[in-house]
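The values are calculated or read from the model by the stated rules, or taken from the named source; none is laboratory data. Just so it is clear, the structure is predicted and the values come from calculations on it, not from any experiment. Here the Cβ positions follow ideal geometry from the backbone for every residue, glycine too, while neighbour counts run over all protein chains shown. To get the accessible areas, we keep the full protein, side chains included, count just its heavy atoms, and leave off ligands, DNA and RNA. Shrake-Rupley method; radii C 1.70, N 1.55, O 1.52, S 1.80 Å.
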Amino acid sequence: MSKENLQAALSKQGAFGKDIDLSQYDNSDVAHVQSEADISEAGKALMEHVGIELDAENRSASFMQVDNAVLEPKVKVQTPLELMNTGKAAEKYPELVEKYWWKAVAPDTDKYTAVTALEKENGYFIRVKAGEKITYPLQACIFISHEEQLQRVHNIVIIEDGAELNVITGCSSDPSVDKAIHLGISEFYIGKNAKLTYTMIHSWGENVAVRPRSATIIDAGGQFISNYVCMEKAKDVQMNPLTRLVGEGAVARMNSILVAPEGAHLDIGGVVSLEVPGCRAEIVARTICTGGEIVNRGTLIGKAEGIRAHLECNGLMLSDTGYISAIPQLDAYTGNAEMSHEAAVGRIAPEEIEYLMARGLNEDEATATIVRGFLNVNIEGLPESLAKKITETLDTFSYNKGM
Amino acid sequence: MLRIENLSVAVKGKQILKNINLHIAPGEVHVLFGPNGTGKSTLLGAIMGFDRYEILEGKIYFKGQDITEAPCHERARLGIGMMIQRPPTIRGLTLRQMITICGATPEEVEKMAQWMGLSDFLDRSVNEGFSGGELKRSELLQLMAQKPDLLLLDEPESGVDVENIALVGRAANYILQNSGGESCGGSGCDKGCCSLNCTANPLAAPQKSGLIITHLGHILKYVPSSHAHILYQGTLTCPGGDPLDILGCIGQSGYETCVNKGCRRIRK
């Protein structure tokens, strides 16, 4: 795409979400942090909170980008996977650039993709060669340390035929950072009978704007399990990733857990396009409002015979302020597409609380138990320690801020 | 065990129960008969302490303690256990977790679920898609784990198929007999039952107390009951009569005649 076209796209607003004036942020590549040692203790604690192991002991590889600078990735020698800065990968593999760079996400989609495409490339390039199954998860930490930083990330993940990988991405900002913006473009390519499990946990500062732009292309028999967790106060997060199932029997499953405390605005969705026969997809979202605002979108597009897909947007209002707006959408382009959705938003039914109280739990414990059950969406691929951390966070949250 | 004095209860502002007096001693199981809509479930709900039952006047004492104002969970912790007639589904909370909340150890969970034919339901959301009979068995399973000193059963047979009535009856009896899981020696054992299949006399005097709502009385074949009452138009009548006599009277003459003329006289 020509530079002129990208320049023109710099004024193009996103399809959803509040428009953001990017000129108010610092779009420089100055490395404010040279190594992990330069990160504050509070910042490190937040990284651990979003699932990052600082010693990376139980990880196959570890990537860290702070602001717009990528620290030297750690890759264990024995793992047959590649992990490097996307910019470096582009120099090393020009043939892959032709095939994969900006092919799932159009660079002129909106101003956020355009600014990322125009500047020097950061983010991670991951490739797992055909048939290789990586046992330990790969972790990627995307962190903002500098006030008013505009962070650009362009990730490319290629899982070749028959390969498998589990990726955990933890995104956070240093507690000293008030205002910043994160632009994350991710392009995932899942080969025939390959499997990618991708878990992303967000814990951004209160005044950080977040605009991920992701897309996934899945070939025949490939599987994509995507989990997204955002439980902290985030001023303005908007994303609506696209997943295209383009090979027979491809499967996509997207789970998200969203909690919006007062002051948070989350506009989170997912679009799955089922383009060949025998594809299956499931989108499951559980949202909780404790005073903030949630727009929960979900779209299934059935374009081929014999596809099956289901969408759930269920929300729990634990506050009299804030809102949840659940917007499920089903688009069928063939008579033989089986698509369904379920959307429910409401309070916890008093009968459910009483039922548990009759079994000996007090009101707070009963509420917490129901909330935990509500959020129990069977997140596959989550390491036990991380699952435990999420449960703990939920517990403190529902005891403190429950009804 | 339970003493109710002059209790009047309203639901949504409408008075349902009038001046109820009831005393259940330790080891006594009382039966509550009465036409639909007469307030039987309201009485059980008021004893359990559910919010929608508003106490207008009167007192409820349990183990000598005034619980009239106590929240539901405190009553449960004191030893009151209730089978809910239409229990809600709690999605994402498994039956296994629910039984654990009720107080069962992991071994008890497996053992008791097997007795109740619910082993395959343990990892399903509690009550989700359960049939009428499965709901009753699930409720009894939870109560087995809870080990209450006062068991409140609201129509334990309704929706249960013929084959499972015996199971429901034996389970209710187990909860009433169980004195804490002591292994029992089988025939003649009076220390309480160690399993649902115990050969001890099924109608031996119970260790615990109970209050059971029933229409058809099938449960009485399996559970030893000593006293019966008819709740009619919000008031308790025939206090303390023999359960099978009163059931026979209702069957012969209907509730109204039975209440107006007095059950015992009719039998004679």
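Take the conditions out of contact with any Asp or Glu (no Cβ under 6 Å at 6 or more places or on another chain), in a loop (DSSP other than H, G, I, E, B) and aliphatic (A, V, I, L, M) and apply them to residue B:104. Does it pass? Yes. Name the residues in the range A:94-126 that are buried (at least 22 other Cβ atoms within 10 Å of the Cβ) and closer than 13 Å to residue A:160 by Cα, would you? Result: A:126, single match. The one condition from (1) in a loop (DSSP other than H, G, I, E, B); (2) among the hydrophobic types (A, V, I, L, M, F, W, C); (3) in contact with a Pro (Cβ under 7 Å, 6 or more places away or on another chain) that residue A:42 does not meet is (1). Can you confirm whether residue A:87 is assigned to a loop (DSSP other than H, G, I, E, B) and not charged (D, E, K, R)? So residue A:87 fails the test. Scanning the range B:55-74 for residues that are under 10 Å from residue A:358 (Cα atoms) and buried (at least 18 other Cβ atoms within 10 Å of the Cβ) gives B:72, B:73. Would you call residue A:274 under 15 Å from residue A:303 (Cβ atoms) and open to solvent by 10 Å² or more (accessible area, probe 1.4 Å)? It is false that residue A:274 is under 15 Å from residue A:303 (Cβ atoms) and open to solvent by 10 Å² or more (accessible area, probe 1.4 Å). Number of residues in the range B:120-141 that are more than 18 Å from residue B:85 (Cα to Cα), assigned to a helix (DSSP H, G or I) and open to solvent by less than 50 Å² (accessible area, probe 1.4 Å) equals 1. Checked against the criteria, residue A:289 does not count as away from chain B (no Cβ under 14 Å) and at pLDDT 95 or above.
Rundown of residues vs (1) surrounded by 11 or more Cβ atoms within 10 Å (Cβ to Cβ); (2) of a type in the set (Ser, Thr, Tyr); (3) at pLDDT 95 or above; (4) not in a helix (DSSP H, G or I), yes/no style:
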position: A:1; (1), (2), (3), (4): yes, no, no, yes
position: A:4; (1), (2), (3), (4): no, no, no, no
position: A:7; (1), (2), (3), (4): yes, no, no, no
position: A:15; (1), (2), (3), (4): no, no, no, yes
position: A:18; (1), (2), (3), (4): yes, no, no, yes
position: A:29; (1), (2), (3), (4): yes, no, no, yes
position: A:33; (1), (2), (3), (4): yes, no, no, yes
position: A:37; (1), (2), (3), (4): no, no, no, no
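Starting from residues that are within 11 Å of another protein chain (Cβ to nearest Cβ) and modelled with pLDDT under 70, keep the ones in the range A:343-399 and report whichever is most open to solvent (accessible area, probe 1.4 Å). Result: A:378.
Residue A:80 meets each of the listed conditions (1) surrounded by fewer than 19 Cβ atoms within 10 Å (Cβ to Cβ); (2) farther than 18 Å from residue A:128 by Cβ apart from (2).
Let me confirm something: among B:77, B:86, B:52, B:96, which residue is within 14 Å of chain A (Cβ to nearest Cβ), farther than 19 Å from residue B:152 by Cα and open to solvent by 40 Å² or more (accessible area, probe 1.4 Å)? Can you show your working first?
On the way: B:77 fails: farther than 19 Å from residue B:152 by Cα; B:86 fails: farther than 19 Å from residue B:152 by Cα; B:52 fails: farther than 19 Å from residue B:152 by Cα.
Exactly one residue qualifies, and that residue is B:96.
The conditions of being aliphatic (A, V, I, L, M), free of Cβ contacts under 8 Å to residues at least 60 places away in the same chain and within 17 Å of residue A:224 (Cα to Cα) are not met by residue A:284.
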